[in-house]
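Reviewing the structure listed below.
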Amino acid sequence: MEFSVKTGALAKQRTPCLVLGIFERRQLSAPAEAIDEASGGRLAEVLKRGDLGEDVGATLCLYDLPGVAAERVLLVGCGKRKEFDRARYVQACTAAARTVDALGAGAALSALPALAPNGLDHYRAAREAVAATAAAVYRYTRTKDDKKAPKHPLKRLHLWVAEKGEQAAVERGVQHGLAIAHGVAQARELGNLPGNICTPSYLAEQAQALGTEFPGLRVEVLEEADMEALGMGALLSVSRGSRQPAKFILMHHQGGKAGEKPVVLVGKGLTFDAGGISLKPAAEMDEMKYDMCGGASVFGAVRAAAELDLPINLIGVVPASENLPDGAANKPGDIVRSLSGQTIEILNTDAEGRLLLCDALTYCERFDPAVVIDMATLTGACVIALGKHPAGLFTGDDELAEEILTAGEASGDRAWRLPLWDDYQSQLDSNFADMANIGGRDGGAITAACFLSRYTKKYRWAHLDIAGIAWLGGKEKGATGRPVALLAEFLLRRAGALA
Ligand code: BES
Ligand code: MN
Ligand code: ZN
């Protein structure tokens, strides 16, 4: 999709579809007011007939409004003006995009960003409009003919701004929004691909492709032999139960000064998690193709940073493997030695994510990182604790917690902090190894984070458990691309690109 910015008298704009916001009780937004005037009060008249629903995101398409150059005028319900916040704004943008897409108008001019939702400046309003629109028209087509695909899908969206003075901020918002949208789309696509296509090797190829697309990006892939030589015994023990070789993917974006400490993003890249010998139940096991969404979010964030050429040093790390039952697979009670030297008693082979991550996190020491953040669909317990709205955030670093929570709020891709107290650590005690890989039923998301904390003592670190937010179930089944927006926001702030 393409996005650009337009300014000038709204009624005179030639466009296949002009999008206007309408508040509850037929209250016109300022742009709608202008169109109402140009049409001699026609807009208000039509609204009086009551065909536009009161819900946020309700739509009504009008044709041939007198005095208006647009071929169609799409009215979008925005709810109560006082309550019009980021979430409702995004809802309205999404509804508008879906409707225009289905109408087959091909292109549209949206005046929604001019509504200045509470708490959003022009930059943000533009950025959110772009991200929401791109997400709304995303379609998965890789393994399925999309018979319902419109003949003329929405390809081009112009954002209308009232004043020339706003244009620069809005253009910046469009640029950032588009890079984030591309990152989100990549994360969604990788997440949605089935386990028989999206294997660890496939992820490695995608990383190489990203390196080709962005020549500044240096991509490196460690093979199992390399990991063996390094001593990544925990990661390799998971991969041993699978016929697909594990890959350890590294993506270096060197946008900052030489010698500047890098931000390192680590993502769990479990391309299918059957649980191993501790086999998962059959119901919904297909959803475990999403167990690489942490890794996918690293791809998305790295793509956004590369596309914006952010002045920051960034390293993306994706340990990738399958977790399957097999004669060579981990068995409950097996003990492995991690790259850190610490031994682990594997009491449940389904707690495999932490086995990948612990070796990846130890590997990160060599980068002398400014900060390391890992993303993982790590525990069902996190979904029980927090549901599907925030990611679970774990860190002992209050300042870093604040930075991540703020990035979440600002981007609308939120996280919620859970404790990482030492009180929980003893749940990982083992009689036979330095630690067990599970800590019992109580506080499962927390003990998983406690496990990781034992491998991150040498640098500033935070962990995001994204098991609840990385994909949707039911009718809307599919990857969400979260938390790419949070990560991009974090990087933009660190890079001083928000000013
Ligand atoms: N990938 C799963 C976590 C998961 C489960 C994410 C359900 C989303 C939905 C992870 O590898 C896993 O199996 N975790 C176990 C840990 C347990 C054995 C301590 C879990 O959460 O049940
Ligand atoms: Mn598992
Ligand atoms: Zn898993």
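Any chance you could list the semi-axes, whole Å, largest first, of the equivalent ellipsoid that the Cα gyration tensor gives for the chain, using √(5λ)?
In descending order the semi-axes read 45, 22, 20 Å.
Leaving out ligands, DNA and RNA but keeping every protein chain, what accessible area does Met1 have, in Å² rounded to the nearest 10, with a 1.4 Å probe?
Approximately 70 Å² for this residue.
So between Leu230 and Gln27, what do we pick up on full extension, going 0.36 nm a residue minus the alpha carbon distance?
Full extension of this stretch gives 66.5 nm more.
Translational diffusion coefficient of region 330-429 at 4 °C, 1.567 mPa s, Stokes-Einstein with Kirkwood Rh over Cα pairs, in µm²/s as a whole number.
83 µm²/s
Using only the Cα atoms, work out Rg/Rh for region 2-155, with Rh taken as the Kirkwood radius, to two decimals.
Rounded to two decimals, Rg/Rh equals 0.96.
How big is the charge dipole of region 176-333 about its Cα centre, in debye rounded to the nearest 20, if each Lys and Arg gets +1 on its Cβ and each Asp and Glu gets -1 on its Cβ?
240 debye
Report, please, the projected area of region 67-183 averaged over directions, based on the convex hull of its C-alpha atoms, in nm². Working shown, then result.
Values: hull surface 33.2 nm².
The number I arrive at for region 67-183 is 8.3 nm².
Within a Cβ distance under 15 Å of Ala436, other residues only, what is the Lys/Arg minus Asp/Glu net charge?
So the environment of Ala436 carries a net charge of -2.
Sort 419-430, 456-467, 137-148 for me by packing, meaning the mean count of neighbouring Cβ atoms within 10 Å per residue, highest on top.
Numbers: 419-430: 15.0, 456-467: 23.6, 137-148: 11.0.
The most tightly packed comes first, giving 456-467, 419-430, 137-148.
Under a crude label model (7 Å from the Cα following the beta-carbon direction), how far is Arg156 from Glu287 in nanometres?
The modelled label-to-label distance comes out at 4.2 nm.
Please give the charge dipole size of region 400-491, origin at the Cα centre, charges +1 on K and R Cβ atoms and -1 on D and E Cβ atoms. Round to the nearest 20 debye. Can you show the working numbers first?
Values: 10 positive and 12 negative charges, 54 e Å.
Computed about the Cα centre, the dipole is about 260 debye.
I need to check one value: relative contact order of the chain, counting alpha carbon pairs closer than 8 Å and at least 6 residues apart, in percent.
14 percent
Amide H neighbours of Thr480 under 5 Å, at least 5 residues apart or on other chains, H built in the peptide plane: list them.
Residues meeting the amide H criterion: Trp471, Leu472.
Accessible surface of Glu24 in the full protein assembly, 1.4 angstrom probe, to the nearest 10 Å²?
50 Å²
For region 9-27 and region 159-180, what is the centre-to-centre distance using only Cα atoms, to the nearest Å?
Here the answer is 18 Å between Cα centres.
Per the 1.4 Å probe, what fraction of the accessible area of the chain, in percent, lies on carbon and sulfur atoms?
Carbon and sulfur: 49 percent of the exposed surface of the chain.
Non-local amide H neighbours of Leu347 (under 5 Å, H modeled in plane, Pro and chain starts lacking H): which ones?
Counting only residues 5 or more places away or on other chains, the set is Gly333, Asn437, Ile438.
Would you calculate, for the chain, the mean residue ellipticity at 222 nm contributed by helices, counting each DSSP H stretch of 4 or more residues as -39,500 (n - 2.57) and dividing by all residues, to the nearest 500?
About -10500 deg cm²/dmol.
Could you give the accessible area per residue of region 2-155, probe 1.4 Å, as a whole number in Å²?
48 Å²
Given bins 5 angstrom wide, list per bin the percent of all Cα-Cα distances in region 28-98, short to long.
So the P(r) values, bin by bin, are 3, 17, 26, 26, 18, 9, 1.
Identify, among Ser426, Leu361, Leu472, the residue whose Cα sits farthest towards the positive end of the charge dipole of region 194-494, taking +1 on the Cβ of Lys and Arg and -1 on the Cβ of Asp and Glu, with the dipole about the Cα centre.
It is Leu472.
What is the magnitude of the charge dipole of region 194-494 about its Cα centre, with +1 placed on the Cβ of each Lys and Arg, -1 on the Cβ of each Asp and Glu, and no other charges, expressed in debye to the nearest 20?
Computed about the Cα centre, the dipole is about 220 debye.
Which order do you get for Trp160, Trp416 if you rank them by accessible area with a 1.4 Å probe, largest at the top?
Correct descending sequence by accessible area is Trp416, Trp160.
Note down the net charge around Gly77, summing +1 for each Lys or Arg and -1 for each Asp or Glu among other residues with Cβ under 9 Å from its Cβ.
-3
Per-residue HN-Hα couplings for region 59-67, Karplus 6.51 cos²θ - 1.76 cosθ + 1.60 at θ = phi - 60°, whole Hz, x for Gly and Pro?
10, 8, 9, 10, 10, 6, 5, x, x
Taking amide H positions as placed 1.01 Å from N in the peptide plane, with prolines and chain starts having none, which residues 5 or more places from Gly269, or on another chain, fall under 5 Å of its amide H?
For Gly269, whose amide H was placed from the backbone, the distant partners under 5 Å are Gly295, Ser321.
Can you pull the Kirkwood radius for region 377-499, inverse mean 1/r over Cα pairs, to one decimal in Å?
One over the average 1/r among Cα pairs gives 15.4 Å for region 377-499.
Any idea which of Tyr138, Ala462, Val336 is furthest toward the positive side of the dipole for the chain, if Lys and Arg beta-carbons carry +1 and Asp and Glu beta-carbons -1?
The listed residue farthest towards the positive side: Tyr138.
Can you give the FRET efficiency for Lys331 and Lys148, using 1/(1 + (r/R0)^6), R0 = 56 Å, r = Cβ-Cβ distance, to the nearest 0.05?
The formula returns an efficiency of 0.75 here.
Which of the peptides 272-285, 314-327 is most tightly packed, and how do the rest follow, judged by the mean count of other Cβ atoms within 10 Å per residue?
With the highest mean Cβ count within 10 Å placed first, the list reads 314-327, 272-285.
With unit charges on the beta carbons (Lys and Arg positive, Asp and Glu negative) and the dipole taken about the Cα centre of the chain, which residue among Ile346, Gly173, Gly300 sits farthest to the positive side?
Gly173
The values are calculated or read from the model by the stated rules, or taken from the named source; none is laboratory data. Note that the structure is a prediction, hence the values are computed from the model and not measured. Using ideal geometry, Cβ is built from the backbone for each residue, glycine included, and neighbour counts are taken over all protein chains shown. Protein only, heavy atoms only, side chains kept; ligands, DNA and RNA dropped before computing areas. Shrake-Rupley method; radii C 1.70, N 1.55, O 1.52, S 1.80 Å.
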